[in-house]
1. Checking the condition farther than 30 Å from A113 by Cα, assigned to a helix (DSSP H, G or I) and either out of contact with any His (no Cβ under 7 Å at 6 or more places or on another chain) or polar (S, T, N, Q) (or both), which residue from A197, A182 passes?
2. Please go through segment 61-114 and pick out each residue that is at pLDDT 80 or above, in a helix (DSSP H, G or I) and over 18 Å from the mean Cα position of the chain (by Cα).
3. Out of curiosity, is F194 of a type outside the set (V, I, T) and more than 25 Å from G32 (Cβ to Cβ)?
4. Among the residues of segment 19-44, how many are exposed (fewer than 13 other Cβ atoms within 10 Å of the Cβ) and modelled with pLDDT under 90?
5. Scan segment 199-210 and give yes if some residue there is modelled with pLDDT under 90, in contact with a Leu (Cβ under 7 Å, 6 or more places away or on another chain) and of a type outside the set (D, E), otherwise no.
6. Being modelled with pLDDT of 90 or more, of a type in the set (A, V, I, L, M, F, W, C), closer than 22 Å to V116 by Cα and touching a Gly at 6+ places or on another chain (Cβ under 6 Å): is that true of F238 here?
7. Check off (1) surrounded by fewer than 19 Cβ atoms within 10 Å (Cβ to Cβ); (2) within 30 Å of P111 (Cα to Cα); (3) within 16 Å of the chain's Cα centre (by Cα) for A182 and give me the number that stays unchecked.
Amino acid sequence: MRSVWIFYQKEMLEAVRSYRLIWIPVVFILLGIMQPLTAYYMPEILGAAGNVPPGMLENYEVPSAAVVMVQALGQYSTIGMLVLALITMNSISGERYSGSAEMVLVRPLTPLAMVVAKWAALLTVLVLALGLGASGAAYYVMELIGPLSWGGISSAAGLYGLWLMCAVSLTLLFSAFLRATAAAFLGLLSAAAFSLAHSLLPAWFDWTPAALPGLSAAMLLEDGGALRLGPLLSAPLFIISCIAGAALLLRRKQLPG
């Protein structure tokens with residue numbers, strides 16, 4: 001555990017020096033507040049754009065606070081997930097292809113400890129960014145549109161964060177044996193494939209982590225909704241499997257062949 005903590009501190013120091021602890025939360029905050037601002041000021045935006053049919057803006061209704069908050073969280077499944085994949089893709093791949101993985105693992109640091117430390121650092125960045133982004137979105141939603149329950153917001157953001165962490169863990173797994181760009185591409189592609197499979201065959205994939213965004217939306221739209229144990233259990237198992245797989249691959253292939 002001491003080696004994990006020391007390597008985690010090293011990863012967080014690197015995140016501070018590379019300004020990841022600043023620009024990633026800023027991106028998430030901007031993504032979060034953009035949706036309520038756009039929903040509320042849409043008539044003014046369309047009016048300023050011109051070429052709007054007469055009477056179209058008169059029938060515009062601002063969506064409910066819950067709907068706008070769900071849409072704000074949904075921003076993180078596209079641009080947010082891309083940002084997370086970009087910061088994850090080089091986590092292990094960069095260490096391997098630079099040769100630093102071999103030097104680090106000579107010390108009393110196991111591949112599992114290294115992967116866990118890197119995963120924990122990524123989790124810290126995600127929690128900080130998503131927490132600030134969701135808080136910013138909720139603030140503008142409640143100021144401009146209507147009230148929301150902070151408990152529901154926290155639960156919805158937590159479920160969405162669990163889904164994002166599954167995508168991060170998958171990218172980390174690919175980073176253990178692929179180059180950075182390939183790891184990011186496959187991580188995003190796999191997450192998109194999971195989401196598509198769940199949308200096309202919900203009865204078959206309702207137990208998978210891909211169902212977490214739907215559960216997150218239900219926490220807001222259905223005033224709590226009904227939590228299903230399948231996604232809540234499969235997501236941690238999926239994350240643990242990715243961490244274990246990355247550690248095993250790193251042990252077998254510390255340097256690129």
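The values are calculated or read from the model by the stated rules, or taken from the named source; none is laboratory data. Everything numeric in this text was worked out from a predicted model, so none of it was measured. As a convention, Cβ positions derive from the backbone with ideal geometry for all residues, glycine included, and neighbour counts pool all protein chains shown.
1. Working: A182 fails: farther than 30 Å from A113 by Cα.
Unique residue meeting the criteria: A197.
2. Hits for segment 61-114 are A65, A66, V67, V68, P111, L112, A113, M114.
3. On the way: of a type outside the set (V, I, T): yes; more than 25 Å from G32 (Cβ to Cβ): no.
Here the answer is no, as F194 does not meet what is asked.
4. Residues in segment 19-44 being exposed (fewer than 13 other Cβ atoms within 10 Å of the Cβ) and modelled with pLDDT under 90: 1 in total.
5. Looking for residues that are modelled with pLDDT under 90, in contact with a Leu (Cβ under 7 Å, 6 or more places away or on another chain) and of a type outside the set (D, E), one finds none in segment 199-210, hence no.
6. Against the criterion (modelled with pLDDT of 90 or more, of a type in the set (A, V, I, L, M, F, W, C), closer than 22 Å to V116 by Cα and touching a Gly at 6+ places or on another chain (Cβ under 6 Å)), F238 does not qualify.
7. (3)
Residues are listed down the side, and each one gets a yes or a no for (1) within 14 Å of the chain's Cα centre (by Cα); (2) modelled with pLDDT under 90:
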site	(1), (2)
L162	yes, no
C166	yes, no
L173	no, no
S216	yes, no
A226	no, yes
C242	no, no
A246	no, no
L249	no, yes
K253	no, yes
